[in-house]
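What follows is a set of notes on a single structure, which appears directly below.
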Amino acid sequence: MLFCYSIYLCRYAAKHVSLITLLISVVLLAACASSQEEAAKKSAQAQSYLEQNRIAEARIAIKEAVSLQDDSPDYQILRGRIEYAANSNENAFAAFSEALSFDATNQEALQAVSQLGLQIGRWRESLDATDKLILLNPNDPNAILVRGLHALLKRDFSNADAYANKLLAIDPANEGAIALKARASFLEGKPEKAKQILDEHLTKHPNTTAISRTRLEVNRELRNAAEMDKQFLELRKLQPDDIPIRIDEANFRYKTGKTKEATAIVAAILANKKSSLENIKTSIDLWREYSVSSLDRDFVRQIARTGKPEARIAAAHHFAISGEEATAIQLLDGLAGQKVDAERANIAMLTGNNSLARFLANSILALDKTNCAALATQARLQLNAGKVKAALISAQSATSECPDNINSWAAAAKAYSQLGDPVNARRVFRQGIEANKQNEPLARIFAEWLMAEGKNREAIATAKRLTRLAPALSSGWRLYREICTKTESDCVAEAERGLADSATRYGIDLLPGQLAPNGLFGRFVIR
């Protein structure tokens with residue numbers, strides 16, 4: 001009977017195949033239309049969120065739109081704009097590149113791939129997009145400028161200068177062209193010509209950000225502190241809200257002995273709600289490097305009043321380990337949450353209130369076993385109580401969750417040492433150093449441990465490696481000199497020279513592996 005029913009269906013289908021096909025087509029078209037409508041709705045939401053600067057929500061909405069209709073160049077371009085607003089240049093580049101796969105001549109996508117590709121090291125794609133832009137419009141000023149920067153990257157200085165001249169023929173006041181000419185001359189080994197180009201431009205045109213930043217970089221490379229000071233003051237007027245420039249200025253002022261001015265700049269950055277987590281970390285790193293162990297009450301109140309919770313917690317942690325527990329407590333006043341309680345536990349431990357520290361840490365870990373700050377405090381408390389194996393477990397969990405938590409690496413290594421396992425202690429130290437290549441405190445702890453183990457040559461190598469990875473970090477050179485002196489090695493003179501040289505390196509070291517800036521404003525970094 002089943003067989004007969006199947007035959008019946010087959011015969012019915014044969015007679016009515018055109019009808020079935022039509023019905024399927026109608027259903028599919030309806031589903032497609034519905035999907036497109038939903039995608040358009042999500043895209044409109046994403047655009048609205050972007051205009052309101054609600055970036056996280058914009059990301060979610062555009063992701064949903066693209067999942068519903070992934071072949072729309074318009075949606076990919078909107079995704080690119082959103083990712084760019086989120087400071088995610090890699091993702092923005094990917095989105096604009098995807099848009100080009102559907103519309104190879106889209107001007108916005110070509111411009112984005114041209115410029116972003118240069119910034120993130122996707123040079124071939126950048127150059128291809130730039131050449132297409134010039135082919136579509138031989139007088140496109142942005143494309144000509146990027147083409148000149150590509151010539152500069154290849155150290156083809158004559159071609160870089162030629163592109164700058166082509167741009168000036170179109171627009172004699174073009175600041176980008178002037179910056180390009182100056183950079184080409186400087187990298188060609190003609191610093192005086194570079195300064196002349198910039199000075200002559202200012203006799204005819206007002207100062208701009210591009211010109212001032214180019215003058216800043218020329219004088220940074222020449223180690224001309226007086227001229228750098230002038231450009232930082234100019235940039236305060238031209239770009240008052242540029243936080244990375246303010247961080248750069250703070251570092252410069254610390255280096256040149258203007259500690260009070262520098263500390264005021266850092267305090268303002270930490271009090272600024274627009275500061276990113278990276279801005280906050282770099283600012284705290286400056287305080288650590290320049291041994292800022294106390295803060296004027298006005299600055300404390302400023303940070304506590306308007307700073308992000310992340311900034312207040314980071315500043316509190318810095319002053320807690322600097323012995324300024326009262327400042328740390330004031331910075332945390334009014335804040336709540338596990339991260340705050342974890343820092344309170346740290347402060348309690350540092351002030352000798354181990355019972356409170358233990359209670360706070362345990363309370364946090366009962367709710368969240370991955371809280372690395374609480375784990376690090378717990379590990380040190382356990383070490384102090386002689387519970388070495390338990391301390392090792394806590395410290396290893398903390399290093400796994402937060403590789404940048406220096407205390408946890410040190411605690412894990414100390415636990416291994418106390419367990420009579422120097423091989424694993426050294427392994428943990430090396431892993432910590434690898435995860436924090438430019439961290440002087442961890443390098444110091446490791447070097448001192450190595451000397452205690454009788455491994456002087458390895459201690460020297462550890463300190464020297466830090467100076468190689470962070471040549472502007474004076475604390476690294478001081479550590480190197482100290483280790484050389486203690487071990488009575490013949491590297492003291494080298495350390496002294498490096499320390500003197502670091503005093504006039506007026507820039508924060510790039511992270512190991514970080515791509516050197518390739519734009520008009522980047523530092524003259526030649527590796």
Only one of (1) small (G, A, S); (2) modelled with pLDDT of 95 or more; (3) touching a helix residue (DSSP H, G or I) at 6+ places or on another chain (Cβ under 8 Å); (4) over 20 Å from Y506 (Cα atoms) fails for S489. Which number is that? (2)
Of the conditions (1) surrounded by 11 or more Cβ atoms within 10 Å (Cβ to Cβ); (2) at pLDDT 90 or above; (3) not basic (K, R), S35 satisfies every one except a single condition; which number is it? (2)
Members of the range 182-216 found to be within 16 Å of F157 (Cβ to Cβ) and under 29 Å from the mean Cα position of the chain (by Cα), listed by number: A182, R183, A184, F186, L187, T214
Quick one: G257 ticks every box in (1) part of a loop (DSSP other than H, G, I, E, B); (2) crowded, with 17+ Cβ neighbours inside 10 Å; (3) of a type in the set (G, A, S) except a single one, so which number is it? (2)
Only one of R81, R11, R54 is closer than 27 Å to E125 by Cβ and either modelled with pLDDT under 50 or surrounded by 11 or more Cβ atoms within 10 Å (Cβ to Cβ) (or both). Can you tell me which? R81
Condition check for L167: outside the structural domain of S88 (by TED's automatic domain parsing), in contact (Cβ under 8 Å) with a residue 24 or more places away in the chain, part of a helix (DSSP H, G or I) and closer than 23 Å to S88 by Cα: no
Per the list (1) of a type in the set (V, I, T); (2) surrounded by fewer than 21 Cβ atoms within 10 Å (Cβ to Cβ); (3) more than 20 Å from S35 (Cα to Cα), residue check on I60 breaks on (3)
Across the range 133-178, the tally of residues that are within 19 Å of Q107 (Cβ to Cβ) and basic (K, R) stands at 1
Can you name the residue in the range 105-154 that is under 21 Å from A94 (Cβ atoms) and touching a residue at least 60 places away in the same chain (Cβ under 8 Å) and, of all such residues, is surrounded by the fewest Cβ atoms within 10 Å (Cβ to Cβ)? G121
Would you confirm, using the coordinates I've provided, whether D333 is more than 23 Å from S417 (Cα to Cα) and either among the β-branched types (V, I, T) or touching a Ser or Thr at 6+ places or on another chain (Cβ under 8 Å) (or both)? no
Checking the structure you have, find out if any residue of the range 264-276 is surrounded by 23 or more Cβ atoms within 10 Å (Cβ to Cβ), over 27 Å from S400 (Cβ atoms), in contact with a Phe, Trp or Tyr (Cβ under 9 Å, 6 or more places away or on another chain) and β-branched (V, I, T). yes
Output the number of residues of the range 393-426 satisfying the condition of being assigned to a helix (DSSP H, G or I) and closer than 21 Å to L450 by Cα. 21
Could you check R155 against (1) modelled with pLDDT under 95; (2) of a type in the set (K, R); (3) at negative phi and say which number it fails? (3)
Does any residue of the range 381-392 turn out to be part of a helix (DSSP H, G or I) and within 29 Å of the chain's Cα centre (by Cα)? no
Across the range 334-376, what is the number of residues that are within 27 Å of the chain's Cα centre (by Cα) and of a type in the set (V, I, T)? 2
Output the helices (runs of 4 or more DSSP H) that fall wholly within the range 449-527 and possess 2 or more residues being touching a residue at least 40 places away in the same chain (Cβ under 8 Å), or say none. 474-486
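The values are calculated or read from the model by the stated rules, or taken from the named source; none is laboratory data. None of these values were measured; they are calculated from a predicted model. All Cβ positions, even for glycine, are placed from backbone atoms using ideal geometry, and neighbour counts span all protein chains on display.
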